[in-house]
1. For segment 380-439: of the residues being among the β-branched types (Val, Ile, Thr) and in a loop (DSSP other than H, G, I, E, B), which is nearest to residue 36 (Cα to Cα)?
2. Could we say that residue 901 is more than 25 Å from residue 760 (Cα to Cα), in a loop (DSSP other than H, G, I, E, B) and either touching a residue at least 24 places away in the same chain (Cβ under 8 Å) or not hydroxyl-bearing (Ser, Thr, Tyr) (or both) here?
3. Suppose the filter is of a type outside the set (Phe, Trp, Tyr), part of a helix (DSSP H, G or I) and farther than 26 Å from residue 946 by Cβ; does residue 893 pass it?
4. Mind checking which residues of segment 793-807 are touching a residue at least 24 places away in the same chain (Cβ under 8 Å), assigned to a helix (DSSP H, G or I) and surrounded by 21 or more Cβ atoms within 10 Å (Cβ to Cβ)?
5. Suppose the filter is within 30 Å of residue 98 (Cβ to Cβ) and either of a type in the set (Lys, Arg) or more than 14 Å from the chain's Cα centre (by Cα) (or both); does residue 514 pass it?
6. Quick check on segment 700-739: of everything there that is out of contact with any helix residue (DSSP H, G or I) (no Cβ under 7 Å at 6 or more places or on another chain) and of a type in the set (S, T, N, Q), which residue is nearest to residue 793 (Cα to Cα)?
7. Within segment 435-446, can one find any residue that is at pLDDT below 90 and closer than 23 Å to residue 68 by Cβ?
8. Kindly state which helices (runs of 4 or more DSSP H) lie completely within segment 994-1108 and contain at least 3 residues that are hydroxyl-bearing (Ser, Thr, Tyr) and not assigned by TED's automatic domain parsing to the domain that holds residue 836.
Amino acid sequence: MAAHRTPRAQRSDWSDRASSVADWLRCVGMPHYAELFEQQKIDLDIVPQLTDEDLKEIGIPLGDRKRLLTAISDFADMDSADSQTTRAGAVAERRQITVVFCDLIGSTELASRLDPEDLATTMASYHDCCKEVIDGWGGHVAEFLGDGAVIYFGWPRAHEDDAERAVRAALELVASVGRLQLGSSTVLAGRAGVATGLVMVGETKSDALDHREGVVGETPNLAARAQALAAPGAVVITPGTRRLVGDRFELEELGTHELRGIADPVDVWRVVDVRAQSRFQARVGARLSPLVGRQAELDVLLESWQAALAGSWRSVLVVGEAGIGKSRLLEELIEQTTSIDRAVLRLQCSPYHVATALFPFVEWIRSSAGIELGTDERAARTRLEALVDGLGFERQATIPLLAPLLSVPLGDEYETLRLSLKLQRKRTIELVIELIKRTAQSRPLLIAVEDVHAADATSLELLTHLLERTRGVAGLLVMTARPTLAARFRRRSFDRIELDPLAASSTLALVDELVSGKRLPPAVRNTIVDSSDGVPLFVEELTRQLLESPALRDAGDRYELEADLAVTVPATLHDLFVARLDKLGSAKVTAQIASALGRSFSLDLLTAVAPASQREVADDVDQLCGARILEAVDDEQGATTYAFRHALLREAAYHAQLKARRREVHLGVARVLEGAYPGVVESEPETLAHHFAEGGEPQPAADYLLRAGGKALRASAVHEAITHLSNGVDLIAGLTHTVSRDRTELRLQALLGTAYMHAKSWAASEVEAAYSGAARLSAAAETAAEGIWILWGIWVYHHVRGRVDDAYEAAGRIRDLADSTRDPDAALIADMVALQSCFYTGRFSESLEYCKSFLDGYRENRHRALADAYSTDLELVCLVHQAIATWIVGRADRAAEISRRVDELAHAVDHPYSAAWASTWGAVPDLLRGDTSRATERVLRGYRIAEENDYSYVTAMATMIGGWLGGREGRADPVDEIEVGLSAFRATGAEIVVPYFETLRAELLIERQRPEEAVGVLEDARSRIARWGERWQEAEVWRVEAKALAARNDAHSVVEARFMTALDIAAKQGAFGWQLRAATDFASYLCHQRRPDDARSILEPARAAVEGGADSEDVSRADRILSAAKEQLLVG
């Protein structure tokens, strides 16, 4: 059956349409009270004041009083909102609107052959026709341009379906123009183009123009160009409109066209007709999404259906906000009951027909009888008679009731009923109910009524009868409605299902279905969950919008994020949100200001920044809560907090404001926060940064981002710190160079370098870039300490990259700057840098002197806080290196004391990175002493902290040390574990201490009879030392290489040369710990060669050079070798 066009909509905006009380009563479906209201002298100005007692006094029964009170409330709200909307509409806004451009064809020819007065009359008729049709659909005739009409849907007041309204209105408009006659023979013809897009609409800034309610944007031009492609009597739509109307209309593709003034080619369609299908079916078309997270609700419906199959009558009301999934749930019920032979009635209530009595039932009867608009009167009546006969009704009693409902003339065969309006209404309702019962034909009946909140009054009354008085029918009535449903059904007569937002897991399950199982980046999934608030429609539209975003790339089995996501309100949801806001009147302005404050805000702050009085703001907030725009979420210490119920609703309110207005609001918020909210300034500097940035003040925004970055670093929120600091750098990049601007960037860059040290490693390329950027601005440094901070960043980059000689040179520059300023803090940093540079270049005595100088100048209450700027607690840095150096110079017991102090301090400091690093690298003295139990305990702690905070540098180091310890315990794979750690360590950009860990790995390879591999590893270690100068354990490389060569049975002279080189290097460095190890291994080798005297001569002076350490592994082993050498001599 071909789709039929529904009659022109009657306006639901009663306050605009009604010109009298009688008119209004007709609109609300109660025209029979018109005479009574006239007798009581009740006019439109009195209607909003009527109470229940008033209506009772004039004799109106209870049921109708309730219905009238609902209609009176709507009338008052509409009247108030419309007047406020008119005022608000004068303020320019950013809106998505649908523009209809209608043209009267042949007007030039008419002007040439008509008398001017007749032409004026003709044009007036055309204009009146346009106004009447457009008003009926809730549009706004912006202006007439001669024979053209410019029409807006979506401004000054939006509806959630403005695109559909615009197309329906355009269809009716061209049809109505075609019915206008000029004289006896000439008929006028019109055509229309429809386009949807984002515009600026409202008052223009030009005082030179008489017409100031203008639209700025491409959309009006696109509608005009589309109109030019339309044939007489036709309506053409463009892609933006096509996307929003879904499958609501039957369309004919007209191809792609180049349109004058439009940059890209445009696809266009001719609208053929309205499709007779539900709103939900029209929206989803063939894209029916899976039902997720609604099994419990579906079970309730299926249980009710099973009761219906058993012979009872059940009713269920499904309530939920727009997009929550009411229709989808209903669709699933219908799908899951298809195996049963049942009768299904699908009824769709319409906001366009709230004043059309029994509209959804009329549409059902039309469809059942096969009657379309435009059907010949006799044919229509014949089809209606066939329907009545088929259901066993008596024609004379039935046709006179049904025909007027269907706008079918009775003809000569039937007499008009002589009934009171009240009785005719009653009989009509009873007849429709009987029609429904007989349609079932002894089958179970499933009635689905959608959008009951938009039902006309008579339909609501009929549904009440179905709910409460259905007898002798087995069936299930399911109604869907929004929470705004004003009808009050008796609760005992039906079950009620409240649909709540989906849980996050169900939201993600729906997303997975929508992307056909392809993997989405976690950031995208989280964005969808956070922005959709569990509303399935929002999930679907937001997911589709993001999939079409250039920020996402389809990589086959997954999507990859290639740029930052920008979440905006999908075009398909824009009208839904804006329509809700437009109903608010003056409270809309408060909602827009609140949207600039964020998703949630305090009432006090909103009151402080809003232009309205405190009482007005409070009233507006109450209204916004009542309209389900806001909700109260917290109430602490008298400061009430509110939040937008939906993130996308807040986005819609925010982006409706012009950019200039948004800047003004943000700047006002920033000033208020600075002046009256010191707590926010202290705890949320990023909030002030946001408002200053959006307010067009980048310098203070960057200053607050600097504070936010520092605060995040102190909380170990490293990635957040990077975001704040990077944004700060970007913000001021375009500002003219001044001392204050450069000083801010210097600090941002330097702190950014520190943040990258934590996030990636000390040697990451981002670290070098940040500190180099800061160094270029060193002239803006306020203090010597600040200048040294920058030089330290450059030093630490070279240092961790393993370029120890370069780092040593940078340390000298730091010392020079510190000496030139005589700043004690600068001197402390110079000592901290020098002690490390000396240590890693093998200058141990100098390193220890700098350690002493550092500790003498260190003041905990002053210098502990420097850990945030320098990424690690400075005292721990000193003590860890002091402990290792002390062991290396042969003072094992003193090294153990310092190591215990390191462990205590690592547990005490409130700085996770410091604790992780000191527990890991600080375990090296325990390794050197052979205390594997203590070392294992510390490394495990360091690894755990590093893993929790994503410190990849420390995690890799802990993995390598753990591998060595595993080798000592006899684990099977310690060599591989060190190799994994080395790969991860070098992936961070770090090269420092790589020779040390290669040496450990080589020792394990030798123990596992793989000396050839060990030699290769050690050759790499020696080349690194030669290239970059990291000589602190150079003696160890030569010692272990000698062992490897011995293990593969190389010539004695070659092995002995390696041992001698190790001893020589250790002696020159004063590294008596390394010297003892080399001497011990050399002595052991010589003993195996039956040369005990040579062994003693090498080992005895080395053993005498170390102090204490009697319980250490190295000293114990040296003593055993000496004893063995002596025994050999005695035996020999």
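1. 416
2. no
3. Yes; evaluated as a whole, the condition is true for this residue.
4. Those that are touching a residue at least 24 places away in the same chain (Cβ under 8 Å), assigned to a helix (DSSP H, G or I) and surrounded by 21 or more Cβ atoms within 10 Å (Cβ to Cβ): 793, 794, 795, 796, 797, 799, 800, 804, 807.
5. Considered against the rule, which asks whether it is within 30 Å of residue 98 (Cβ to Cβ) and either of a type in the set (Lys, Arg) or more than 14 Å from the chain's Cα centre (by Cα) (or both), residue 514 comes out as yes.
6. 723
7. No; the residues of segment 435-446 include none that is at pLDDT below 90 and closer than 23 Å to residue 68 by Cβ.
8. 1072-1088
The values are calculated or read from the model by the stated rules, or taken from the named source; none is laboratory data. Because the structure is a prediction, the values reported are computed rather than measured. Note that we place each Cβ from the backbone using ideal geometry, even for glycine, and neighbour counts take in every protein chain shown.
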